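J.: Below you'll find the structure I mean.
The values are calculated or read from the model by the stated rules, or taken from the named source; none is laboratory data. Computed from a prediction, not measured in an experiment: that's the story for all the values here. Quick reminder, even Gly has a Cβ in these numbers, built from the backbone with ideal geometry, and neighbours come from all protein chains shown. With ligands, DNA and RNA removed, areas are computed over all heavy atoms of the protein, side chains included. Shrake-Rupley method; radii C 1.70, N 1.55, O 1.52, S 1.80 Å.
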Amino acid sequence: MSKFKFSVGPWNVHSGADSYGPATREEIPFEEKVKRFSELGFSAVQFHDDDVVPNMDSFSEEDIKKEARKVKAVLDNYNMAAEFVAPRLWMDRRTTDGGYMSSDHKDREYAVWRSYRSIDIAHELGCNKIVLWLARDGTLCAESKSPVWATKMLVDAINQMLRYNSKALILIESKPNEPVDRSICGTIGHAMGISAATTDPSRVGGLVESAHAILAGLDPAHEMGFALALGKLWGVHLNDQNSIKFDQDKSFGVENLRQAFNQVKLLVENNYGSNGEYIGLDVKAMRTTKTEDSYKHLENSLNIFKALEEKARRFDYDFQKKCVENRDFESLEMYVMKLLMGIV
Ligand code: XUL
Ligand code: MN
């Protein structure tokens with residue numbers, strides 16, 4: 001029995017369309033997804049602002065709140081919570097050259113407007129976490145934008161959000177590249193630096209995604225550990241990634257089992273979740289997956305997580321201590337491999 005609570009975003013179940021080809025599966029209506037998520041054992045849903053209010057740009061601020069209340073009723077119906085709301089700052093024409101760091105001040109104002117709406121929507125859904133994945137904030141052409149200026153723009157935008165609502169918590173989801181070439185918050189260390197520079201660091205933390213850490217050439221457990229040490233790991237996006245290439249969002253643990261184990265072990269050891277945090281998934285089904293298997297990657301990720309949690313909970317710390325005292329890391333490593341292979 002897992003000691004954690006799990007969350008997932010509606011975009012985790014998608015039609016399979018990518019930049020190179022059309023959909024391969026049927027679209028599943030939102031409410032059906034929520035019902036299935038709850039049956040699979042998830043207790044919260046992660047949202048982009050327009051997952052909650054599609055076409056929100058054409059609604060008034062009051063109507064956006066009204067629409068959000070309808071989604072809250074759907075969540076209540078299935079006994080599901082909302083974990084966070086993330087402004088989608090990458091689809092609209094006004095985010096072509098970024099959100100908070102766009103070269104056009106009108107576009108920057110739009111990005112902040114969307115962020116305020118995300119805060120309003122979160123309030124209606126009964127949560128206070130706002131996730132910033134800074135999709136297009138960075139450069140495509142290195143000389144087009146000063147990284148000094150861009151970093152200051154991000155701090156300014158977060159300060160405006162903190163001012164707008166005194167309860168909102170801002171979680172920066174770091175990622176080194178894609179769709180930009182060079183991002184501004186490439187690692188969780190960058191996110192923590194931004195936090196420290198804001199007017200209220202106690203309300204600015206981080207969300208570590210396994211694949212994003214691997215894209216940065218780093219170990220996801222170490223990224224998570226860094227934020228945990230500072231009391232600022234407020235969300236995770238567990239998934240997997242086969243080395244440094246396009247962002248793959250594979251099922252958790254399917255590429256790097258030992259790295260996955262170490263993420264779970266770290267979360268178990270540090271009582272992650274004791275302040276209400278969720279184990280969030282951000283996983284994509286393969287394009288070849290059939291409509292009837294639209295949730296299989298979620299089930300697989302949950303099952304792998306739970307199997308690794310069970311192994312983490314029976315990790316032999318006495319043996320580990322002895323190995324460390326004797327500097328016998330060969331034996332410690334072999335113990336971990338045997339544990340993962342089911343030999344001990
Ligand atoms: C993009 C990514 C996003 C965020 C939410 O790489 O991970 O899905 O998690 O905006
Ligand atoms: Mn993510």
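J.: Would you mind checking the radius of gyration and Dmax of segment 131-189 based on alpha-carbon positions, in Å?
T.: In Å, with Rg to one decimal and Dmax whole: 12.1, 38.
J.: Mean Kyte-Doolittle hydropathy of 0.0 or higher plus an axial Cα length of 20 Å or more: which whole DSSP H helices in the chain meet both? Write out the running numbers ahead of the final one.
T.: Numbers: long enough: 61-77 (25 Å, -1.22); 105-125 (30 Å, -1.06); 147-164 (26 Å, 0.25); 296-313 (25 Å, -0.86).
Both cut-offs are met by 147-164.
J.: Please check which bits of segment 195-227 a label hung off Glu178 would reach, taking the label as a point 7 Å along Cα-to-C-beta and the cut-off as backbone N under 16 Å.
T.: Taking a point 7 Å out along Cα→Cβ of Glu178, the residues of segment 195-227 whose backbone N falls under 16 Å are 209-220.
J.: Place a +1 charge on the Cβ of each Lys and Arg in the chain and a -1 charge on the Cβ of each Asp and Glu, then give the dipole magnitude about the Cα centre in debye, rounded to the nearest 20.
T.: Dipole size: approximately 480 debye.
J.: Roughly how much of Lys152 is accessible, in Å² to the nearest 10, using a 1.4 Å probe?
T.: 130 Å²
J.: Can you work out D for the chain in µm² s⁻¹ from Stokes-Einstein, where Rh is the Kirkwood radius over C-alpha pairs, the temperature is 37 °C and the viscosity is 0.692 mPa s?
T.: Reported coefficient: 158 µm²/s.
J.: Grab the alpha carbons of segment 47-104, take their convex hull, and tell me the volume per residue in Å³.
T.: For segment 47-104, the hull spanned by Cα atoms encloses 86 Å³ per residue.
J.: Can you give me the accessible area per residue for segment 235-317, using a 1.4 Å probe, in Å²?
T.: Ligands and nucleic acids excluded, the result is 45 Å² per residue.
J.: For Val148 and Leu230, what does the FRET efficiency come to when R0 = 22 Å and r is the distance between their Cβ atoms, rounded to the nearest 0.05? Provide the component values of the computation, followed by the final result.
T.: Details: r = 24 Å, r/R0 = 1.08.
My answer for the efficiency is 0.40.
J.: Kindly report, to the nearest 10 Å², the accessible surface of His14 as traced by a 1.4 Å probe over protein heavy atoms only.
T.: Result for His14: roughly 40 Å² accessible.
J.: How high is the relative contact order of segment 244-325? Use alpha-carbon pairs under 8 Å, at least six apart in sequence, and give a whole percent.
T.: 42 percent
J.: Arrange the residues Trp149, Trp90, Trp133 by how much accessible surface each exposes, largest first, with a 1.4 angstrom probe.
T.: These residues rank, largest area first, as Trp149, Trp133, Trp90.
J.: Using a ≥ b ≥ c from the Cα gyration tensor of segment 133-235 (square roots of the eigenvalues), is it rounded, prolate or oblate, where a/c under 1.5 gives rounded and otherwise the larger of a/b and b/c decides, a/b for prolate?
T.: It comes out oblate by the Cα gyration axes.
J.: Report the FRET efficiency, 1/(1 + (r/R0)^6), for Glu330 and Thr288, where r is their Cβ-Cβ distance and R0 is 56 Å, rounded to 0.05.
T.: For R0 = 56 Å, the calculated efficiency reads 0.90.
J.: Given a 1.4 Å probe and every protein chain left where it sits, what share in percent of the accessible area of the chain is carbon and sulfur?
T.: Roughly 51 percent, rounded to a whole number.
J.: Rank Ser274, Ser38, Ser174 by accessible area, highest first, at a 1.4 Å probe radius?
T.: On the way: Ser274 85, Ser38 40, Ser174 10 Å².
Correct descending sequence by accessible area is Ser274, Ser38, Ser174.
J.: Given a 1.4 Å probe and heavy atoms of the protein chains only, how would you sort Tyr272, Tyr164, Tyr20, largest accessible area at the top?
T.: In descending accessible area the options line up as Tyr20, Tyr164, Tyr272.
J.: Once you've got the GNM for the chain with C-alpha springs shorter than 10 Å, pick whichever of Pro201, Pro176, Pro54 has the biggest mean-square fluctuation.
T.: Of Pro201, Pro176, Pro54, the most mobile in the Gaussian network model is Pro54.
J.: Per residue, how large is the accessible surface of segment 112-194? Use a 1.4 angstrom probe and give square angstrom.
T.: Values: 3220 Å² over 83 residues.
That works out to 39 Å² for each residue.
J.: Another question about this same structure. Would you mind checking the radius of gyration and Dmax of segment 86-163 based on alpha-carbon positions, in Å?
T.: When restricted to Cα atoms, segment 86-163 yields Rg and Dmax of 12.5, 42 Å.
J.: Okay, moving on. Mind jotting down a quarter of the surface of the convex hull over the alpha carbons of segment 8-91, in square nanometres, one decimal?
T.: The orientation-averaged projected area of the Cα hull of segment 8-91 comes to 6.1 nm².
J.: What translational diffusion coefficient, in µm²/s and rounded to a whole number, does the Stokes-Einstein relation yield for segment 198-297 at 10 °C and a viscosity of 1.306 mPa s, taking the hydrodynamic radius as the Kirkwood radius over Cα pairs? Display every interim value, and only then the final one.
T.: Details: Rh = 14.3 Å.
Estimated diffusion coefficient is 111 µm²/s.
J.: Turning to a different aspect of this structure: Is it possible to state the helix-based mean residue ellipticity at 222 nm for the chain, with each DSSP H run of 4+ residues giving -39500 (n - 2.57), the sum divided by total residues, to the nearest 500 deg cm²/dmol? What is it?
T.: After summing the helix terms and dividing by the residues of the chain, the value is -13500 deg cm²/dmol.
J.: Tell me, rounded to the nearest percent, the portion of alpha carbon pairs in segment 1-147 spaced more than 22 Å apart.
T.: Of all Cα-Cα pairs in segment 1-147, 47 percent lie more than 22 Å apart.
J.: Using 20 Å as the Cα-Cα cut-off, could you pick out the over-long pairs in Lys245/Lys338; Lys232/Lys321; Lys5/Lys290; Lys65/Lys129; Lys33/Lys306?
T.: Where the Cα-Cα span goes over 20 Å, the pairs concerned are Lys245/Lys338; Lys232/Lys321; Lys5/Lys290; Lys33/Lys306.
J.: Calculate, axis by axis, the spread of Cα positions in segment 266-316 along the three principal axes, and write the results as whole Å, longest axis first.
T.: 39, 26, 13
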